[in-house]
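Asker: First the structure, which I've put down as structure tokens, then a few questions once you've had a look.
Each reported figure results from applying straightforward, stated rules to the coordinates on display, with no laboratory input. Every value quoted in this text rests on a predicted model; they were computed, and no experiment measured them. Ideal geometry is used to build each Cβ from the backbone, glycine not excepted, and the neighbour counts take in all protein chains shown.
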């Protein structure tokens, strides 16, 4: 019953998910190549956007699979969707008997996984993962003969898909080499009578980089979420600080002149990377103001200069574009936007606008 109580409280922080932007992102991919299906990847809480929110936005779109990392994510997806889920994360073989195979397919990459599925003595759908150069997941090309033998032994295992993952889209030669190796595996499987309904090699960045006509699906990740959200918070305390005063832990921010400071209840636990200390900005009424001092666990101080901001007013901590966007924050932290997004804490209220 805790969630009922929580929903009655007005939050200090909220993440706004832009329905129109998410739909535009999806349609931009799907409309460009109608020979492929584009499957939304919902792992890591839909890249921080919220599984439930993205399911609600995209449920009516025409695609076969949501893509998730864990079965717990699948259970969250099914609360709002009747579509099937492809799990691409690891699962203990001892848990196979507990899964809902009517609505599920799983990625497999090891012989013991195939054997564990075969022992279920029931119909299960799998997507064979092949290592084509990423050297992370997947069967080696040399293992495929053994894979085929196991499939012949266990007719209940239905190979619905064959998949791999591109490692470096910026390297055209290496990408072509990966696709060539992938196609060699497809050719071998087809020769052995293993034909799959779905063939997928690329994620968002590589969606239009592959050539083989058998590739008919794309796992749509970051491209779906680009500029699709913003984080809004509330000023909970204001004060005037004089010249030469220090701010926050270790006094790393020294006031160059007297100014108004505002405290915002967002810290590195919620969403604001500690590397943005003295480097990040927040937005208030179309102007940007610097983070003053260390980002704390659950709050941060902002230097509003001569602007007299009032307690209770809202500020934009992370924007959908601009100097405080996910992309700009990632550059300042010398990391990637993916990391910044998935760190958006799941306890923050998500709302679709």
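Asker: How much length is gained if the chain between residue 62 and residue 352 is pulled fully straight, taking 0.36 nm per residue apart and subtracting their Cα-Cα distance, in nm to one decimal? Before the final figure, lay out the partial values.
Answerer: On the way: separation 290, 0.36 × 290 = 104.40 nm, distance 2.08 nm.
Length gained between residue 62 and residue 352: 102.3 nm.
Asker: Let me ask you something else. Among 175, 347, 93, which comes first, then next, by fewest other beta-carbon atoms within 10 Å?
Answerer: By the 10 Å Cβ count, ascending, the order reads 347, 93, 175.
Asker: How big is the gap, in Å, between the Cα center of segment 72-127 and the Cα center of segment 52-67?
Answerer: So the two Cα centres are separated by 19 Å.
Asker: Still on this model: As a test of the formula, what do you get for the chain when each DSSP H run with n ≥ 4 contributes -39,500 (n - 2.57) and the sum is divided by the residue count, at 222 nm and rounded to the nearest 500 deg cm²/dmol? Provide the component values of the computation, followed by the final result.
Answerer: Working: 11 runs with 95 residues, N = 353.
Value at 222 nm, helices only: -7500 deg cm²/dmol.
Asker: Give me the tail of P(r) for segment 120-205 as a percent: Cα-Cα pairs with distance above 22 Å.
Answerer: Here the long-distance tail beyond 22 Å is 25 percent of all Cα pairs in segment 120-205.
Asker: Classify segment 173-225 as rounded, prolate or oblate, taking a ≥ b ≥ c as the square roots of the eigenvalues of its Cα gyration tensor: rounded when a/c is under 1.5, otherwise prolate if a/b is larger than b/c and oblate if not.
Answerer: Because a/c hits 1.5 or more and a/b fails to exceed b/c, segment 173-225 counts as oblate.
Asker: If I fit a long axis through the Cα atoms of helix 19-30 and take the longest principal axis of the Cα atoms of the chain, what angle between them do I get, 0 to 90°, rounded to 10?
Answerer: 30 degrees
Asker: Would you mind getting the Kirkwood hydrodynamic radius of segment 229-352 from its Cα pairs, rounded to one decimal in Å?
Answerer: Details: mean 1/r = 0.0694 Å⁻¹.
Computed over segment 229-352, the radius equals 14.4 Å.
Asker: For the chain, set up a Gaussian network in which alpha carbons nearer than 10 Å are linked by springs, and say which option among 249, 47, 268 fluctuates the most.
Answerer: 249
Asker: Determine the percent antiparallel among the DSSP beta bridges restricted to the chain, to the nearest 5.
Answerer: Rounded to the nearest five, the antiparallel share is 45 percent.
Asker: For helix 172-191, report the angle its Cα long axis makes with the longest principal axis of the Cα atoms of the chain; keep it between 0 and 90° and round to the nearest 10°.
Answerer: 40 degrees
Asker: Just to be sure I understand: with springs between alpha-carbon atoms less than 10 Å apart, which residue in 58, 104, 120 has the highest mean-square fluctuation in the Gaussian network model of the chain?
Answerer: Looking only at 58, 104, 120, the largest GNM fluctuation is found for 120.
Asker: Still on this structure, I have one more. So for segment 229-352: antiparallel DSSP bridges make up what percent, rounded to the nearest 5? Before the final figure, lay out the partial values.
Answerer: Details: 21 of 22 bridges.
The antiparallel fraction comes to roughly 95 percent.
Asker: Between residue 143 and residue 69, what FRET efficiency comes out of the Förster formula 1/(1 + (r/R0)^6) with R0 = 25 Å and r the beta carbon distance, rounded to 0.05?
Answerer: 0.60
Asker: So, one more: For segment 49-136, max minus min Cα coordinate along each principal axis, in Å, sorted largest first?
Answerer: Cα extents, longest axis first: 38, 33, 21 Å.
Asker: Also, I was wondering about something else. Assuming R0 = 35 Å, what is the FRET efficiency of residue 19 and residue 332, from their Cβ-Cβ distance, to the nearest 0.05?
Answerer: Working: r = 28 Å, r/R0 = 0.81.
Working from the Cβ atoms, E equals 0.80.
Asker: Rounded, prolate or oblate: pick one for segment 19-225, where a ≥ b ≥ c are the square roots of the eigenvalues of its C-alpha gyration tensor, a/c under 1.5 means rounded, and failing that, prolate if a/b is larger than b/c, else oblate. All intermediate terms of the calculation are to be shown ahead of the outcome.
Answerer: Details: a/c = 1.91, a/b = 1.17, b/c = 1.64.
Judged from the Cα gyration tensor, segment 19-225 comes out oblate (a/c at least 1.5, b/c at or above a/b).
Asker: What is the log10 of I(q)/I(0) for the chain, computed with the Debye formula using one identical point scatterer on each Cα and no solvent, at q = 0.10, 0.15 Å⁻¹?
Answerer: -0.70, -1.20
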